[in-house]
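Worksheet: one structure, shown below.
The values are calculated or read from the model by the stated rules, or taken from the named source; none is laboratory data. Please read all numbers here as calculations on a predicted model, not as lab measurements. All Cβ positions, glycine included, derive from the backbone under ideal geometry; neighbour counts span all protein chains shown. Remember, those area values only see protein heavy atoms, side chains included, never the ligands or the DNA or RNA. Shrake-Rupley method; radii C 1.70, N 1.55, O 1.52, S 1.80 Å.
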Amino acid sequence: MKESERKHRILILGASGFIGNAIYKELCSYFKTFGTYRVPHKIFKNNNHFLQYNVEQDDVYEVLEATKPSIIISALRGDFNAQTIAHQHIAEYVLEHDCKIIFLSSANVFDAYSKYPSYELDKTFSGSIYGHFKIKIENMLLRLPKKKTAIVRLPMVLGAQSPRIKELRQHLADKTAIEIFPNIIMNVTTDSKVTQQIHYIINRNKSGVFHLGSIDLVHHDEYIKDIVTQMTSKNGVVYKHVYTTNEDRYLAVLPKFNKLPKHLQVTSQEVLLELNK
Ligand SMILES: NC(=O)c1ccc[n+]([C@@H]2O[C@H](COP(=O)([O-])OP(=O)(O)OC[C@H]3O[C@@H](n4cnc5c(N)ncnc54)[C@H](OP(=O)(O)O)[C@@H]3O)[C@@H](O)[C@H]2O)c1
């Protein structure tokens, strides 16, 4: 194990979730890795590297004091006001300690722009409550010394266990309609690619804003249909076309200025192939 890997203590907030848990599994054999969960579950209760934490009730400082992380990965969901306060406390901790934060943000920080895909240095602009909330936390963390923050903007994250793929399986089982958005042009990724990319950001001590989406774009309706075709050979799948605007709308975070090495980049076709494994 490399010296740089041995020295880190990593805390993943939201380590029981889809992405947080994938990150935990990727990192736990290389670093002293801790995680939080909210809903009690035997596997987490029995793991003394997991702590129960509810952002609406508990003080994040107690979790920080108990785990003394040198890297905090924020993969939380929960009430936006409570999360904002928690991230204020996290920012104070990061400033006062030898510590860095990796914040999982979203393509939604650009959801008020529709005519172009977005790059790392574009000004954020959102029309949604979720996008506004992510921008607020991003701006708070970007005020920290540059080396102490990595903002990781994600598009739709897919994987065998992702909520979206589970939802598609359920629709197919129930023979209910699958919503598709023909006007949305987006990029995608997988949980396994995101975890490798985060591992690299940690190992190379990278900071700044990262756009971790596929390097190409897809139409939402066509891509979902491609996924469904891989999942079932049956005809008669029901789709519900949802038109939010008359024109095409981009919801895509493309890498340009802060690119990762080639082997860590991903295409929408590779995402599709991985879902088929
Ligand atoms: N999935 C995507 O496609 C996507 C795309 C862009 C950005 N993101 C961002 O990535 C992060 C992780 O997303 P995800 O899809 O992995 O979410 P998820 O599967 O819903 O996991 C959320 C995590 O937060 C915990 N949590 C929920 N409510 C909480 C509360 N009140 N107090 C403390 N912890 C709470 C959950 O604990 P329990 O499991 O115990 O409830 C779980 O560990 C989020 O910040 C999200 O905005 C995700």
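Would you pick out the residues in region 33-46 that are part of a loop (DSSP other than H, G, I, E, B) and either open to solvent by less than 40 Å² (accessible area, probe 1.4 Å) or of a type in the set (A, V, I, L, M, F, W, C) (or both)?
Taking region 33-46 as the starting set, the residues that turn out to be part of a loop (DSSP other than H, G, I, E, B) are 38-41, 46.
Answer for region 33-46, where residues must be part of a loop (DSSP other than H, G, I, E, B) and either open to solvent by less than 40 Å² (accessible area, probe 1.4 Å) or of a type in the set (A, V, I, L, M, F, W, C) (or both): just Val39.
Looking only at region 92-113, how many residues end up being in a helix (DSSP H, G or I), away from the ligand (no atom under 11 Å from the Cβ), open to solvent by less than 10 Å² (accessible area, probe 1.4 Å) and among the aliphatic types (A, V, I, L, M)?
1
Tell me which residues, restricted to region 143-183, are within 16 Å of the ligand (Cβ to nearest atom), assigned to a strand (DSSP E or B) and crowded, with 18+ Cβ neighbours inside 10 Å.
Listed by number, the residues that qualify are Thr149, Ala150, Ile151, Val152, Arg153, Leu154, Met156, Val157, Leu158.
So which residues in region 64-88 are open to solvent by less than 20 Å² (accessible area, probe 1.4 Å) and more than 10 Å from the ligand (Cβ to nearest atom), if there are any at all?
Leu64, Thr67, Pro69, Ile71, Ile72, Thr84, His87
How do the pairs read when you match residues in region 29-40 that are in contact (Cβ under 8 Å) with a residue 60 or more places away in the chain with residues anywhere that are in a loop (DSSP other than H, G, I, E, B) and surrounded by fewer than 22 Cβ atoms within 10 Å (Cβ to Cβ), using Cβ under 7 Å and keeping only pairs 6 or more apart or on different chains?
Listed by first residue and then by second, the contacts come to Tyr30/Met1; Phe31/His8.
Out of all the residues in region 31-46, which are out of contact with any Leu (no Cβ under 6 Å at 6 or more places or on another chain) and either within 13 Å of the ligand (Cβ to nearest atom) or closer than 13 Å to Thr195 by Cα (or both)?
Across region 31-46, the qualifying residues are Gly35, Tyr37, Arg38, Val39, Pro40, His41, Lys42, Ile43, Phe44, Lys45.
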